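Chemist: Before we start, here is the structure in question, set down as structure tokens.
Read-outs: derived from the displayed coordinates by stated rules, not from any lab. Computed from a prediction, not measured in an experiment: that's the story for all the values here.
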Amino acid sequence: MLFKEIIGQQKIKDKLIQTVKDNRISHAQLFLGPEGSGKLALAIAYSQYIACTNKQENDSCGVCPSCLKFAKLVHPDLHFVFPVATSKTIKKDPVSDDYISQWREAIIENPYLSQTRWYDIMDVENKQGLISKSESSAILRKLSLKTFEADYKTLIMWLPEKMNASAANTLLKIIEEPPTKTLFILVSENSEQIITTILSRTQLIKIPQIDSESLHSAICDRFSLSTDKAYDIVHLANGNYLNAMNLMDTTDENTENHDRFVELMRHCYQNKIIEIVDWVESVSIIGREKQKSFLEYSIRMIRENFMLNLNQKKIVYLTQQEAEFSNKFFPFINKDNVFKIYEHLNRACADIEMNAYGKIVFLDLGLKLVKLINK
């Protein structure tokens, strides 16, 4: 992964490159940023630059033996840890190495990988990924080895917030007393779920959303879009490259989210409690990541409809399908109910993230929306 292949984030790239030039590489770093910002890609590009044997002024050379191995993610001094779960093929105590082939293929295909997509690739059904106690011994084994070719052994941990207590304590001990020439890069979307003792021992690198200009340029170049179409997508994507990709190709998940949203809003408006209960039953079996995706979609739709209500059409961006529904729905999202609706949707999303019982969360949400939509 070369820095030049990553969309935007020029300030972050310059900062990382400078740490190598100044020989100020912190042994434990936390790359913190939202989904679709390119933080994992930056971590890989940074590791490759450190290991490159023919460093250029602003990037790896891309052609030395080290870079060629990084391009395939098979460099012997590059290690990955990421959330895993049991599947049809891995029945017990899964660790990252059990899925390393799928991981490499997925990252080479798209280094802006989402949690939902990764769980689909592992085929873990409705389970959520975890970095568990089983991973601890694997981490210790990997880092006890001497470097094979590079100056540094690098461990990139994707989503350290998914660590359980045992794995977190093991990592803390290694960070406190790291092996020589070992680099830890934690790539996180939610630092609040990482234990504070680990946070305090890492150098924080905040990765912002991708700036609009860079995202616009990238999707125009990569997908041959018109300037106007790209502008609409960039606005909706909100600095998230994954959102931009989804908006360019209306996925099954987006369509499902829209259908669920329309169905729920109609039931709430018509005060059809039995139908809401049936709707809750159908949503309760789709898995937590898809439930979160639906709630995030709903939050966006409420925002766009409120803007329509305020007659702010210039800053409203909806797909044709969404616009057809919203043109009739927006009068029901107004200043008297919008903030409460936001609050309940965000609370439901947080509850699902914390593994609350889905049926209770969505039934409670539906009943509250009945009152608010008719307010």
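Chemist: Can you list the aspartates and glutamates whose alpha carbon sits under 12 Å from that of K368, skipping same-chain ones fewer than 8 residues off?
Modeler: Excluding near neighbours in sequence, the set is E343.
Chemist: Please give the helix 338-353 orientation as an angle from the longest Cα principal axis of the chain, in degrees from 0 to 90, rounded to the nearest 10.
Modeler: Relative to the chain, helix 338-353 is tipped by roughly 40 degrees.
Chemist: Based on the Kirkwood radius over alpha-carbon pairs, what value in µm²/s does the Stokes-Einstein equation return for the translational diffusion coefficient of segment 194-238 at 20 °C and 1.002 mPa s?
Modeler: Roughly 169 µm²/s, to the nearest whole number.
Chemist: For K55, which aspartates and glutamates qualify as cross-link partners when the Cα separation must be under 18 Å and same-chain residues fewer than eight apart are set aside?
Modeler: Excluding near neighbours in sequence, the set is E5, D14, D22, D77, E149, D151.
Chemist: Between 0 and 90 degrees, rounded to the nearest ten: what's the tilt of helix 227-237 against the longest Cα principal axis of the chain?
Modeler: Roughly 90 degrees, rounded to the nearest 10.
Chemist: Right, next: Please work out the ratio of the alpha-carbon Rg of segment 3-206 to 2.2 N^0.38 Å and round it to two decimals. Display every interim value, and only then the final one.
Modeler: On the way: Rg = 16.0 Å, N = 204, 2.2 N^0.38 = 16.6 Å.
Normalised Cα radius of gyration, segment 3-206: 0.96.
Chemist: Once segment 250-373 is represented by equal point scatterers at the alpha-carbon sites, with solvent omitted, what log10 I(q)/I(0) does the Debye formula produce at q = 0.21 Å⁻¹?
Modeler: Log10 I(q)/I(0), no solvent term: -1.30.
Chemist: Taking N as the number of residues in segment 104-260, what is its alpha-carbon radius of gyration divided by 2.2 N^0.38 Å?
Modeler: Here the answer is 1.27, to two decimals.
Chemist: What relative contact order, as a whole-number percentage, does segment 3-206 give when Cα pairs under 8 Å and 6 or more residues apart are counted?
Modeler: It comes to 30 percent, rounded to a whole number.
Chemist: Ok, one more. Do the alpha carbons of any pairs in K72/K173; K39/K162; K11/K72; K4/K292 sit beyond 24 Å of each other, and which pairs? Each step should come with its number before you reach the end.
Modeler: Values: K72/K173 30 Å; K39/K162 17 Å; K11/K72 26 Å; K4/K292 32 Å.
Cα-Cα > 24 Å for K72/K173; K11/K72; K4/K292; rest within.
Chemist: Additional query: Taking amide H atoms as placed 1.01 Å from N in the peptide plane, list the residues 5 or more away in sequence, or in a different chain, whose amide H sits under 5 Å from that of A28.
Modeler: Long-range HN contacts for A28: F184, Q203.
Chemist: Suppose the chain between N169 and Y231 were pulled fully straight at 0.36 nm per residue; how much longer would it get relative to their current alpha carbon spacing?
Modeler: So the extension gain works out to 17.8 nm.
Chemist: Also: On C-alpha positions alone, give me the angle between the axis of helix 10-21 and the longest principal axis of the chain, in degrees, nearest 10.
Modeler: Around 20 degrees separate the two axes.
Chemist: For q = 0.14, 0.18, 0.22 Å⁻¹, what log10 I(q)/I(0) does segment 76-185 give under the Debye formula with an equal point scatterer on each alpha carbon and no solvent?
Modeler: Debye output, listed in q order: -0.56, -0.91, -1.27.
Chemist: Ok, one more. Rounded, prolate or oblate: pick one for segment 184-262, where a ≥ b ≥ c are the square roots of the eigenvalues of its C-alpha gyration tensor, a/c under 1.5 means rounded, and failing that, prolate if a/b is larger than b/c, else oblate.
Modeler: oblate
Chemist: Report the residue, chosen from S137, S47, S226, that carries the largest GNM mean-square fluctuation when the chain is represented by alpha-carbon nodes joined by springs under 10 Å.
Modeler: It is S226.
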